[in-house]
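S.K.: Can you keep this structure in mind? I'll have questions shortly.
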Amino acid sequence: MAKPTGNPARRRLVSGNWKMHHDHLQSIRTVQDLGLRLSAADVASIDVSVHPTFTSLRSVQTVIEDRVIPVALGAQHCSHEDQGAFTGEVAPPMLARLGVSFVIVGHSERRQFFGQTDEVVAATLRAVIRHGMTPIVCVGETEEEREDGETEARLTSQTTAALKGLPAEQVAGLVIAYEPIWAIGTGRTATAEDAESACAHIRGVVGEVAGAEAGQAVRIQYGGSVRPENAAELLGQPDVDGALVGGASLDAATFAAIVQAAGAGVPPGR
Ligand code: PGA
């Protein structure tokens, strides 16, 4: 297994993005099952979050609190406005009131299917921070961009657009997810080398935008067909600080195996 050599101050974060799956009853069962499978030792040196749909958030919050399940509550999206006439949207303070800790911002599916622009992503992540939650800001290239050798340019422009002008200490506290679009839900995973090279590039861009200290502190996840079999190698890369897991997070046993693989690679004291 690859040895983690990353910054020990960056605690790994493994997040389960349930997307538009699991109604509230299935969500309750899944998080209860996860609670039975995760031991205190599994989460001693890493953070874990689950991101159910809006209709499941309240139920999952109650189960996590009642059973003291060691996972943080996350959301998949929110508005960049605090309130108002925006039919169908959910406001950041509503999520904060539910005990949500992490909010995914700018997932490629939001960008692609719901027209979320770089400007809206930047406004949304600021709204999330303003309400005391941590954004997980997604960036990543399409297959065409990768073939054209434009991966780094794409990552630079998305990361810069999202973070420019944000105070360094806020940048240091957020999470970025590198998600190559061609690897999402396809079963194709980036090689550990490609994931490392992209995450190291993003870290460099963060350093340029917000200063070297923020670049070193920011946590960067890899996402795209993460499974129990490839998690340890991907997370063993020095600039990969966690995983954003879609399909493989829907089943508690599979997601717990990924969490355990992620935690197993962390040396004592990290
Ligand atoms: P996947 O999704 O693990 O199903 O590829 C990842 C994501 O979109 O966050």
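The values are calculated or read from the model by the stated rules, or taken from the named source; none is laboratory data. Values in this document were obtained by computation on a predicted structure and should not be read as measured data. Positions of Cβ are backbone-derived with ideal geometry, glycine not excepted, and every protein chain shown enters the neighbour counts. These accessible areas exclude ligands, DNA and RNA; they are computed on the full protein's heavy atoms, side chains included. Shrake-Rupley method; radii C 1.70, N 1.55, O 1.52, S 1.80 Å.
S.K.: Among Ser56, Asn17, Val128, which residue has its Cα furthest toward the positive end of the charge dipole of the chain, with +1 on Lys/Arg Cβ and -1 on Asp/Glu Cβ?
M.R.: Result: Ser56.
S.K.: If you don't mind, there's one more thing I want to ask. Please report the net charge: other residues with Cβ closer than 13 Å to the Cβ of Gly35, K and R +1, D and E -1.
M.R.: Here the charged neighbours net out to -1.
S.K.: If you find the alpha carbon centre of the stretch 102-180 and of the stretch 26-57, how far apart are they in angstrom?
M.R.: That distance is 25 Å.
S.K.: Accessible surface of Arg111 in the full protein assembly, 1.4 angstrom probe, to the nearest 10 Å²?
M.R.: 40
S.K.: Right, another one. Taking the Cα centre of the chain as origin, sum charge times position over the Cβ atoms of Lys and Arg (+1) and Asp and Glu (-1), and report the length of that vector in debye to the nearest 20. Write down the numbers at each step before the final one.
M.R.: Details: 22 positive and 32 negative charges, 191 e Å.
Computed charge dipole of the chain: roughly 920 debye.
S.K.: Please compute the per residue accessible area over the stretch 12-263 with all protein chains in place, 1.4 Å probe, rounded to a whole number of Å². Provide the component values of the computation, followed by the final result.
M.R.: Details: 10340 Å² over 252 residues.
For the stretch 12-263, the per-residue accessible area is 41 Å².
S.K.: Ok, one more. In the stretch 82-144, what GluC sites (Glu not before Pro) fall in a loop by DSSP, with at most 16 other Cβ atoms inside 10 Å? Before the final figure, lay out each step's value.
M.R.: Values: sites: Glu89, Glu109, Glu119, Glu141, Glu143, Glu144; in loops: Glu89, Glu141.
Of the GluC sites (Glu not before Pro), the ones in loops of the stretch 82-144 whose Cβ has at most 16 other Cβ atoms within 10 Å are Glu89.
S.K.: Counting other Cβ atoms within 10 Å of each Cβ, which trypsin sites (Lys or Arg not before Pro) in the stretch 1-84 have at most 14 and sit in a DSSP loop?
M.R.: Details: sites: Arg10, Arg11, Arg12, Lys19, Arg29, Arg37, Arg58, Arg67; in loops: Arg10, Arg11, Lys19.
Passing both the DSSP loop test and the Cβ count: Arg11.
S.K.: Now for a separate question. With a cut-off of at most 12 other beta carbons within 10 Å, and DSSP calling the residue loop, which chymotrypsin sites (Phe, Trp or Tyr not before Pro) in the stretch 50-123 qualify? Please list them.
M.R.: On the way: sites: Phe54, Phe86, Phe102, Phe113, Phe114; in loops: Phe86, Phe114.
Answer by residue number: Phe86, Phe114.
S.K.: Using a 7 Å offset from the Cα along the Cα-to-Cβ direction at both Gln170 and Ala40, what is the distance between the two label points in nm, to one decimal?
M.R.: Going from the Gln170 label point to the Ala40 one covers 3.7 nm.
S.K.: Could you work out how much longer the chain between Glu81 and Arg130 gets when fully extended? Use 0.36 nm per residue separation minus the Cα distance between them, nm to one decimal. All intermediate terms of the calculation are to be shown ahead of the outcome.
M.R.: Values: separation 49, 0.36 × 49 = 17.64 nm, distance 1.11 nm.
Difference between extended and current length: 16.5 nm.
S.K.: Under the definition of Cα pairs under 8 Å and six or more residues apart, what whole-number percent is the relative contact order of the chain?
M.R.: Details: 565 pairs, mean separation 66.0, N = 270.
For the chain, the relative contact order is 24 percent.
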